[in-house]
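The values are calculated or read from the model by the stated rules, or taken from the named source; none is laboratory data. These numbers were taken from a predicted model, which means no experiment stands behind them. All Cβ positions, even for glycine, are placed from backbone atoms using ideal geometry, and neighbour counts span all protein chains on display. In case anyone asks, the SASA skips ligands and DNA or RNA and just uses the protein heavy atoms, side chains included. Shrake-Rupley method; radii C 1.70, N 1.55, O 1.52, S 1.80 Å.
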Amino acid sequence: MLLEMERSDAATPGVDPAFRADVLAGLATARKAIPARWFYDRRGSELFEQITGLPEYYPTRTERALLAAHAPDVARLAGTGRAVVEFGSGSSAKTPLLLAAVEPAAYVPIDISGDFLRESAAALGQRFAGLPVHPVEADFTRPIRLPAAIGGAPRLGFFPGSTIGNLAAVAAVDLLRAMATTLGEGAMLLIGMDRVKGEDVLVPAYDDAQGVTAAFNLNLLHRINRELDGDIPVDAFRHRAIWNDGEARIEMHLEATRDIAFTVSGCRFAMAAGETIHTENSHKYGPRSARQTLAAGGWTTVAEWTDPQQNFALLLAEA
Ligand code: AVI
């Protein structure tokens, strides 16, 4: 519930206006929700790195094993000498497995976070001596003009981690279309997509015993307090991870454990005990829905690899 709207519209130095707009709008709705993209400040990115190593969080290690086993198959099907374009490259942790197999003409990591991007691009450049690396700092949800220096080599897009699952269906399809435009004619795409599975595996993956995912979720409230002049009582919230079977997704929420009132950027809000702020969706795919999503985005699946438990899938598609 929004109690009062009294704030100066003057821009605050150092504050991302899009962050403030998303938080204020998201807290003012009946079902409070804040987009998951705001998890990733420095602390949030560190916590996410920790999540990827947790025993309960199967996606990262499963996808890495699939890449290690099948990168040569990708090279056989896609051929060598393409320019590899990685979307949301982050720390580029899985990239060497792919680069070593497909012997690219160039590597183009694209990420919205410039610092992280330049560090990991430099590290990869050292590891693959002679490989032209052209980092691009950009929002890849819209078509991007790739650096002219990569020339006319056909492109292989790489989108690991099942990050696509953090988007709703329409946004996921829009993103796949934007990727097809960015990559151009003759492109292929290697994408990781997490599979639907039992709640006994899914819920612990998003609510681990050590509480790292809880800290990751709660860090959003700390970020709001710090960057948006908030006084949210973080200790009055608990992390919740819920499997929504109808939507085939894990939802993360922050649940108020008592009635509270707080201020963010001069706006006052109240929450009743049990009310939540919805902070993330992580959609999971069946074999058909994965291919259908790719097809709606303009991609035809040419190969698919899964682990023996069918927990995670790596799909190769052509435009
Ligand atoms: C980045 N993304 C694919 C992760 C996921 O599994 O949806 C984010 C995450 N949230 C909690 N744990 C991991």
Assuming E86 fulfils every condition listed in (1) open to solvent by 20 Å² or more (accessible area, probe 1.4 Å); (2) closer than 22 Å to T181 by Cα apart from one, which condition is it?
(1)
Within the range 219-319, which strands (runs of 3 or more DSSP E) (wholly inside it) include 3 or more residues that are touching a helix residue (DSSP H, G or I) at 6+ places or on another chain (Cβ under 8 Å) and away from the ligand (no atom under 16 Å from the Cβ)?
300-306
Of all residues making up the range 255-307, the number that are open to solvent by 50 Å² or more (accessible area, probe 1.4 Å) and among the aromatic types (F, W, Y):
0
If you scan the range 65-83, which residues turn out to be crowded, with 17+ Cβ neighbours inside 10 Å and assigned to a helix (DSSP H, G or I)?
L66, L67, H70, A71, V74, A75, A78
Being within 16 Å of the ligand (Cβ to nearest atom) and surrounded by fewer than 17 Cβ atoms within 10 Å (Cβ to Cβ) narrows it down to one residue among R61, R127; which is it?
R61
Being farther than 27 Å from L218 by Cα and either touching a Leu at 6+ places or on another chain (Cβ under 8 Å) or not small (G, A, S) (or both) narrows V302, V264 down to just V302
For the range 187-207: of the residues being open to solvent by 40 Å² or more (accessible area, probe 1.4 Å) and charged (D, E, K, R), which is farthest from the ligand (Cβ to nearest atom)?
D200
Whichever residue in the range 208-239 is open to solvent by 30 Å² or more (accessible area, probe 1.4 Å) and touching a residue at least 40 places away in the same chain (Cβ under 8 Å) and, among such residues, is nearest to R288 (Cα to Cα):
A209
Do you know which of the residues in the range 45-58 that are within 10 Å of the ligand (Cβ to nearest atom) and within 14 Å of the chain's Cα centre (by Cα) is most open to solvent (accessible area, probe 1.4 Å)?
F48
Applying the selection to the range 161-186, what residues are part of a loop (DSSP other than H, G, I, E, B), more than 16 Å from the ligand (Cβ to nearest atom), of a type outside the set (D, E) and open to solvent by 30 Å² or more (accessible area, probe 1.4 Å)?
G186
D115, sole failed condition from (1) open to solvent by 80 Å² or more (accessible area, probe 1.4 Å); (2) at pLDDT 90 or above
(2)
Given (1) part of a loop (DSSP other than H, G, I, E, B); (2) within 19 Å of the chain's Cα centre (by Cα), V203 misses just (1)
Kindly indicate which of R31, R20 is assigned to a loop (DSSP other than H, G, I, E, B), basic (K, R) and modelled with pLDDT of 95 or more.
R31
